[in-house]
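What follows draws every value from the coordinates through simple rules; no lab data is involved. Computed from a predicted structure; not experimentally measured. Don't worry about glycine lacking a Cβ; one is built from the backbone with ideal geometry, like all the others, and counts go over all protein chains shown.
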Amino acid sequence: MRYDAIVLGLGGMGSAVAAHAAQRGMRVLGLERFGPAHAHGSSHGRTRIIRQAYFESPDYVPLLRRAYALWDALAARTGTVLRAQTGGLFVGRPETPVVAGTLASALRWQLAHEVYDAGELRRRYPMVTPRDDEIGVYEAIAGAVFPEAGVQAHLDVAADAGAELRFGAPAAGWDAGEGGVHVTLADGARVEAERLAICAGPWFSRLAPELELPLKVERNVQFFFAPLDRDALSPERMPIYGLQRDGGRLLYGFPDFGEGVKAAFHGSGVEADPDALDRSVSENEIAEVRDALAEFVPAAAGAFLRAAPCMYTNTPDEHFVIGLHPQVPQVAIAGGFSGHGYKFTPVVGEIVAALLAGDDPGFPLALFSPTRFTNPSVPADSA
Ligand SMILES: Cc1cc2nc3c(=O)[nH]c(=O)nc-3n(C[C@H](O)[C@H](O)[C@H](O)COP(=O)(O)OP(=O)(O)OC[C@H]3O[C@@H](n4cnc5c(N)ncnc54)[C@H](O)[C@@H]3O)c2cc1C
C-alpha cells in the first residue's frame, strides 16, 4: 500500500494534520509511538490557554482567528466540548511585555478588549489581588481549550475520513528519493508515501537531525490545587489569567473545570531529554507555585492535588517552525512550538495538509521559516 502522506507523530499537531489531510481526500497513514491522546509528550494536562490578543506577536492574530473557527467546527462535527470561553485577564505593570504585548496586539487588530486599573480589577474580580501599580487587559473571547479531547477529536475525524492510524508504532527514521518517501519503523518494517509530515514534538530533532535546528526541550510542570472557594473559581466567574511581576516568569492559571485549579509558570529553563523526563515534582516546585497563587489568587492556593510534567520544544526566538523541509520538498515539518502552540493545532493542521498537497497554505509562513536560524535574512539597509 502506498499512501499519499505519512504523518509522523499523532500528538497535538500530527492529529490535526492527519484530520485535515484525510479530509482533503488524501490516503493518510498516521504513526504514533504511544497511544491516542497520551501523556508522554506536550499535549496533556486537561487545559491550554486560547486567546487572540497575542503578546508574543500581533502576526499570530490571523492564525488565531482561523484557529477559533476551526475549533468550533471540530467541536460541532464531533459533538464534543473543545473550548470554554471564560475570558482572559493579563495583569502586570503597563510596561511588562505580557501586558504591553497583549494590548499592542488588541489595538493593531482592533480586538475587543478592556483595560482595568487595579481598583477596577479588584471590583470586577475580587478573587485576584493586583498591586496598586498594576493593570489588567481583559479579553472576553479568551479561555481554555482541552488538549486530550482535541487530539481525540482530530484522530476521530481523521479515521472517519479514511486515515489509517497506527499506535504503538515508533518510527526509527525516513529517507526520500525520486520515488517518494520511506519511513522505517522500529520493528524494521518500511512504509512508503508520496509525502511525509514530521510532527514529532519534543522528539523532532531525533527525526530531522540534518536540519540542525537549535531546539531545546524544556521540562515544564502543571500543578493542580484544591480551590479554597469553589464558587469564586468556577469557569462562570473566574477567567483564565496571566500575571507578570517583578520581571519574573509569567504565572498563569485556569478556573476549576472539575479537577481543581491548574496553575504553572511559563518556562522553567530546565532542559529535558524527552526519553527520560523527570516526572517527579519536589516540595520546592509545589511551594513556588502555591506561594505565587497565595499572593495573586489566594483562593486557588489550597491543598496540592497533582502535578503533570510536560515538555516545551523551544526555538531561540520562540516562534514556531512550519514549512517544507529545505532539502527535501516532499517533507513538511511542524515543530518548535515553544510552549504556546496547542491553541493553533487546527490551523497548523490545515496549513501542513495544504503543504502536503502542494497547495498555497493560505498564510504567510516567513515567521516560521525552518532556515531562519542558519540563513537569517539581512535587512537591505544594513548590507
Ligand atoms: C506545561 C505546558 C503548558 C502549555 N500551555 C499552553 C497553553 O496554555 N496554550 C497553548 O496554546 N499551548 C500551550 N502549551 C504548548 C502546547 O501544548 C504545545 O506547543 C503543543 O502541544 C505541541 O504539540 P506537538 O504536536 O508539537 O507535540 P506532541 O503533542 O508531543 O506530539 C508529538 C507526537 O509525536 C510522537 N512521536 C515522537 N517521536 C515519534 C516517533 N519516532 N514515532 C512515532 N511517533 C513519534 C509523540 O509520541 C507525540 O505524540 C503548553 C505546553 C506545556 C508542556
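Structure notes:
- The packing ranking, built from the mean of other Cβ atoms within 10 Å per residue, places the peptides 253-265, 204-216 in the order 253-265, 204-216, highest first.
- The mean sequence distance of close C-alpha pairs (under 8 Å, at least 6 residues apart), as a share of the length of the chain, puts its relative contact order at 23 percent.
- The chain - mean residue ellipticity at 222 nm from DSSP helices (-39,500 (n - 2.57) per run, n ≥ 4, rounded to 500): -7500 deg cm²/dmol
- Qualifying GluC sites (Glu not before Pro) in region 104-155, where qualification requires a DSSP coil assignment and no more than 10 other C-beta atoms within 10 Å, are lacking entirely.
- The dipole here belongs to region 119-227: it is taken about the Cα centre, uses +1 on the Cβ of Lys and Arg and -1 on the Cβ of Asp and Glu, and is about 480 debye.
- HIS340, HIS154 arranged by Cβ crowding within 10 Å, fewest neighbours leading: HIS340, HIS154
- Rounded if a/c under 1.5, otherwise prolate or oblate - region 241-383, Cα gyration tensor axes: prolate
- The equivalent ellipsoid of the chain has semi-axes of 36, 22, 20 Å, largest first, where each one is the square root of 5 times an eigenvalue of the Cα gyration tensor.
- For region 116-157, with +1 on Lys and Arg beta carbons and -1 on Asp and Glu, the positive-most of HIS154, VAL137, MET127 along the dipole: MET127
- Net charge dipole size for the chain [Lys, Arg +1 and Asp, Glu -1 on Cβ; Debye, nearest 20]: 640 debye
- Comparing PRO255, LEU365, PHE90 along the charge dipole axis of the chain, the residue lying farthest to the positive side is PRO255, per the Cβ-charge model.
- Cβ-based exposure ranking for ARG279, ARG195, in which fewest neighbours within 10 Å come first: ARG279, ARG195
- Selection from LEU211, GLY188, MET238 lying farthest towards where the dipole of region 178-242 points positive, charges on Cβ: MET238
- Annotation: amide H-H contacts under 5 Å for ILE6 (H modelled 1.01 Å from N, sequence separation of 5 or more, or interchain): LEU29, ARG195, LEU196, ALA197.
- DSSP beta bridges fully contained in the chain are about 70 percent antiparallel.
- Counted by Cβ distance under 13 Å from PHE337, the other residues give a net charge of -1, where Lys and Arg count +1 and Asp and Glu count -1.
- Using C-alpha pairs under 8 Å with a sequence gap of at least 6, the mean separation divided by the residue count of region 219-376 gives a relative contact order of 23 percent.
- Taking amide H as placed 1.01 Å from N in the peptide plane, the amide H of GLY267 sits under 5 Å from none that are at least 5 places away or on another chain.
- Put in line by how crowded their Cβ is, counting other Cβ atoms within 10 Å and starting with the fewest, SER338, SER15 read SER338, SER15.
- Cα gyration tensor shape for region 36-193, rounded if a/c is under 1.5, else prolate or oblate: prolate
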